[in-house]
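Worksheet: the structure to be examined is printed underneath.
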Amino acid sequence: MPRSREARLGTDRRRTEQRNPASENLDRLSSGAIVRLMSREDRKVARAVARELPAIARAVDAIVRALAKGGRLFYVGAGSSGRMGVLDAAEIAPTYGTSPQLVQALIAGGRRAVTSAVEGAEDAVRNGERDLRARKLTAKDVVVGIAASGTTPYVLGALRYARRRGAAAVIAVTSNRRMPVTRLADVVIAPEVGPEVVTGSTRLKAGTSQKMVLNMLSTAAMVRLGHVYQNLMIDAVLTNKKLERRALRMLAEASGRSLSQGRRALRLSGHDIRVALVMLKRGVAAGEARGLLRRADGNLRRALGESAHG
C-alpha cells in the first residue's frame with residue numbers, strides 16, 4: 001500500500017508549523033491579493049483571543065494577587081515570542097509609574113537577541129533556568145512563558161524551574177494547545193490562530209495574538225492595582241513635553257478645572273499627577289493631598305472620597 005503524503009513527509013502536531021491552504025500560491029499573487037489574504041487571516045486572531053478571555057482573566061487575577069504581595073512578573077520567551085515580552089515589559093514602568101523591576105522580560109540569547117537572531121539560544125533548556133535563577137526568582141513571583149510552538153526548550157526550562165521554586169503562578173501563552181509548555185502551567189492561554197500565511201512565520205498571526213494577550217495581562221493588572229483613574233494614566237512618568245501636555249489634559253478632564261489650574265497644581269505637586277488631582281478635586285494644598293493619599297494607602301478613589309465601584 002502506498003504511503004500517504006503525510007507519512008512520507010512526516011507530520012508536525014504544531015498547527016503554526018503546518019501549511020496554510022489559502023496561501024499555497026502566495027508567491028504568484030499580486031501585492032493587493034497578498035495583503036487582502038493577510039487581512040482575512042488576521043481577522044481570525046481577535047476571535048481566537050476572545051475564546052481565551054476566561055483564562056486571561058484568571059491569569060490577571062493571579063498576577064494581581066502576586067504583585068500586591070510584593071511579587072514580580074516575568075515574561076520568558078525566545079525569538080519573536082521573546083521580543084513580544086520585551087516590548088510589553090519595557091512599556092510598564094513609564095506608563096504606570098512602577099519600578100522597572102516589577103515587570104521584567106527574559107529572552108533567549110539576552111539583549112542581543114532583541115534585534116538579531118542568536119543561533120541556538122532557544123534550544124538550551126538549562127539557559128531558561130539559569131536566567132531566572134540570575135533574577136533570584138522567589139515564591140512570590142509570577143512567570144509567563146511565551147511560546148507559539150509550545151515546545152521551546154528555553155521556555156520549558158524556565159517554567160520547570162519556576163515550578164520547582166514554587167512560583168506564585170506559572171502561566172503559558174501559546175498558539176498550540178496540548179504541547180509540553182501547557183503541562184507546566186497553572187493557567188494556559190492558547191489562542192489557536194491556525195497555520196500562518198508564510199509557513200512557520202509565527203511573528204504573524206501568532207505574534208499578533210501574543211501582543212493582544214500580553215496587553216490584556218499587563219493593562220488589566222495595572223488597572224486592578226490602582227495605577228489608572230477612570231481610564232487615565234494617572235501614574236505616567238512625565239519625561240517629555242508631550243506627556244506633560246497629556247497630563248494637563250487628564251487633570252482638566254478628571255477634575256473639571258481649567259488647564260491653567262491644572263498646570264499650577266502639577267507644578268506645586270512636583271509633577272505628581274496623582275497628588276495634583278487630589279489637590280484639584282479636594283481643594284487642598286500639596287501637603288494635605290499627600291496626607292490624604294497616605295491615609296488611603298495610596299488608593300486614589302478613597303483619597304478623593306469616591307466609591308471604588310460604579
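Nearest 0.05, what FRET efficiency do LYS241 and GLU24 give at R0 = 45 Å with Cβ-Cβ as r?
0.30
Would you kindly state how much longer the chain becomes between LYS140 and ARG282 on full extension, computed as 0.36 nm times their sequence separation minus their alpha carbon distance, in nm to one decimal?
That works out to 47.4 nm of additional length.
Could you compute the FRET efficiency for ARG112 and GLN230, with r as their C-beta to C-beta distance and R0 at 41 Å, rounded to 0.05?
For R0 = 41 Å, the calculated efficiency reads 0.50.
I'd like the orientation of helix 79-96 relative to the chain: the angle between its Cα long axis and the longest Cα principal axis, in ° from 0 to 90, rounded to 10.
Relative to the chain, helix 79-96 is tipped by roughly 0 degrees.
Looking only at SER201, SER80, SER99, which one moves most when the chain is put into a Gaussian network model with springs between Cα atoms under 10 Å?
Top of the fluctuation ranking is SER99.
Going down the table (LYS241/LYS281; LYS136/LYS211; LYS44/LYS211; LYS69/LYS211), which pairs top 19 Å between alpha carbons?
Listed pairs above 19 Å: LYS241/LYS281; LYS136/LYS211; LYS69/LYS211.
For the range 107-185, what is the charge dipole size about the Cα centre, in debye to the nearest 20, if Lys and Arg each add +1 at the Cβ and Asp and Glu each add -1 at the Cβ?
Here the size comes out at about 380 debye.
By how many degrees, between 0 and 90 and to the nearest 10, does the Cα long axis of helix 241-255 differ from the longest principal axis of the chain?
So the inclination is approximately 60 degrees.
Give me the one-decimal nm value for the distance between modelled label points at ARG183 and ARG295, 7 Å along each residue's Cα-to-Cβ direction.
Label-label distance for ARG183 and ARG295, simple model: 5.7 nm.
Pull up the DSSP beta bridges for the chain and report the antiparallel fraction as a percent, rounded to 5.
5 percent
Would you work out if the range 225-278 is rounded, prolate or oblate? Take a ≥ b ≥ c from the square roots of the eigenvalues of the alpha-carbon gyration tensor; rounded if a/c is under 1.5, else prolate when a/b is larger than b/c, oblate otherwise.
Judged from the Cα gyration tensor, the range 225-278 comes out rounded (a/c under 1.5).
For the range 49-224, what is the relative contact order in percent, using Cα pairs closer than 8 Å and at least 6 residues apart in sequence?
26 percent
Equivalent ellipsoid semi-axes for the chain, as square roots of 5 times the alpha carbon gyration tensor eigenvalues: give them largest first, rounded to whole Å.
With the √(5λ) rule applied to the chain, the semi-axes are 43, 23, 16 Å.
Report, in whole Å, the centroid distance computed from the Cα atoms of the range 117-148 and the range 225-258.
35 Å
Given the peptides 287-297, 186-196, arrange them by the average over their residues of other C-beta atoms within 10 Å, most packed first.
Listed from highest to lowest mean packing, they are 186-196, 287-297.
State to the nearest 20 debye the size of the charge dipole of the chain about its Cα centre, where the only charges are +1 on K and R beta carbons and -1 on D and E beta carbons.
Dipole of the chain, to the nearest 20 debye: 500 debye.
Can you tell me the orientation of helix 259-268 relative to the chain, as the angle in degrees between its alpha-carbon axis and the longest Cα principal axis, to the nearest 10?
90 degrees
Using a Förster distance of 25 Å, how high is the FRET efficiency between LEU37 and GLU91, based on the Cβ-Cβ distance and rounded to 0.05?
It comes to 0.20.
Assign unit charges at the C-beta atoms only (+1 for Lys and Arg, -1 for Asp and Glu), then state the dipole size of the range 1-158 relative to its Cα centre in Debye, rounded to the nearest 20.
300 debye
Readers should treat all values here as calculations from the given coordinates under stated rules, not as data from a laboratory. Remember, predicted model here, so these are calculated numbers, not experimental data. We place every Cβ from the backbone using ideal geometry, glycine too, and count neighbours over all the protein chains shown.
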